[in-house]
1. Please list the radius of gyration and Dmax for the stretch 15-122, considering alpha-carbon atoms only, with Å as the unit.
2. Determine, for each peptide in 316-324, 274-282, the mean count of other beta carbons within 10 angstrom over its residues, then list the peptides with the highest first.
3. Over the Cα atoms of the stretch 79-225, each weighted equally, I'd like the Debye log10 I(q)/I(0) at q = 0.12, 0.15, 0.16, 0.17 Å⁻¹, rounded to two decimals.
4. In the neighborhood of Leu195, defined by Cβ-to-Cβ distances under 12 Å, what is the net charge if each Lys or Arg adds +1 and each Asp or Glu adds -1?
5. Can you give the charge dipole size of the chain about its Cα centre, rounded to the nearest 20 debye, using +1 on the beta carbon of Lys and Arg and -1 on the beta carbon of Asp and Glu?
6. Per 0.36 nm of contour for each residue apart, how much would the distance between Gln154 and Asn322 grow if the chain were fully extended, relative to their Cα-Cα spacing?
7. Counting each pair of different Cα atoms once, what's the Kirkwood radius of the stretch 94-160 in Å, rounded to one decimal?
8. Expressed as a whole number of Å, what is the distance separating the alpha-carbon centroids of the stretch 157-197 and the stretch 25-91?
Amino acid sequence: MILTNLTTLENTNMNVAGIDVSDQTVTVTISRDGRLGKAREFKNTPQGHATLINRLRKARVSRICLEATGQYHLDLALALEDAGLAVMVINPKAAKRFAEAMQTRTKTDAVDAAVLAEFARRMPFVPWQRPDDLALAIRACARRIAALNKLRTQTKNQLHAAQLTATTPAFLIADLQQSIAHLEAQIAHLRQRVLDLIGTDQELQQTLERLISVTGIAHASAIQLLGELLVMPEDMTAKQWVAMAGLDPRAHQSGTSVNKKPRLSKAGNRYLRIALYRPALSAAQHDPYYHHLIENRGLKKLQALCAVMRKLLHAIHAMRKNRTPFDSSRFYTPLETAS
């Protein structure tokens, strides 16, 4: 499974751990004195994190290595650091190249965890840089707003259904209307608090202004986008952003008889997908690429819209990386329609 013919460093007697993180579970392999133990699985929840931390403490683990996996690794890394454990979060490319150097021929959660444990044991330890408190506060508020938006939509649907029948008491209609008004007030209040937080940081304020310069992105969408993007590692590529958002196509093939059209993986950050949806709807009205995909490529409207979402995410990545304004002439380019 894993060859150990790489040059071993002096710290082979350390107890280290590699953790492979997915949306539902985390798989842990502990290396004691250079010998890999059996992989164990924990739930990727606060309760699961607490159980995992107890396990790591009992094993006297001194270093932990994770792979950056968008939203999935962040909460675990925060929990580990808060517990006083030394954490290293590496780029997926580094993990892949290290696995290739070790001639790893299989890929499972247990194997990936073992590779990460070996990385922690053999490679220089680079402590994880925790996102600053401002970014984490914006993320928390943005997700609370998303939850309130969902609840408001549900309540509006209940009101609509209640108004369709004459048997609904007037006081129930009034109660639903009051609930909607209360939710809208909460959302407006939280959005203003987030804007106040952003205003305390000049660079962050400039990032917000670049975002709202994009057609379809107003303050509401910009807050949701910033809540997810600010906590991501700065060295992530646009392609990794797309994969993290679950907007990357996933092939479905088996032998020669099954060859379905690729579908979105939808395995990533649903908050980011939701934040991109309405801006993409607005952008699609101005983007000839959207109509080209439907009229010339035969894509359904939702498929074309997801392509616009990917394109929009690439544009936001370039804006953040280069600290440049949105270039509509590059985003709404008619040249793509000729391809």
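1. Cα-based Rg and Dmax for the stretch 15-122 come out at 12.4, 35 Å.
2. On the way: 316-324: 15.2, 274-282: 19.9.
Descending packing order for the listed peptides: 274-282, 316-324.
3. -0.79, -0.92, -0.95, -0.99
4. Details: positive: Arg191, Arg193; negative: Asp196, Asp201, Glu209.
Residues near Leu195 contribute -1 overall.
5. Numbers: 45 positive and 29 negative charges, 200 e Å.
Charge dipole, the chain, about its Cα centre: 960 debye, nearest 20.
6. On the way: separation 168, 0.36 × 168 = 60.48 nm, distance 3.97 nm.
Length gained, Gln154 through Asn322: 56.5 nm.
7. Numbers: mean 1/r = 0.0621 Å⁻¹.
This gives a value of 16.1 Å.
8. When both Cα centres are located, 42 Å separates them.
FYI, it's all coordinate maths here, none of it is from the lab. This structure is a prediction, so every number in the text was calculated from the model and none was measured. Note that we place each Cβ from the backbone using ideal geometry, even for glycine, and neighbour counts take in every protein chain shown.
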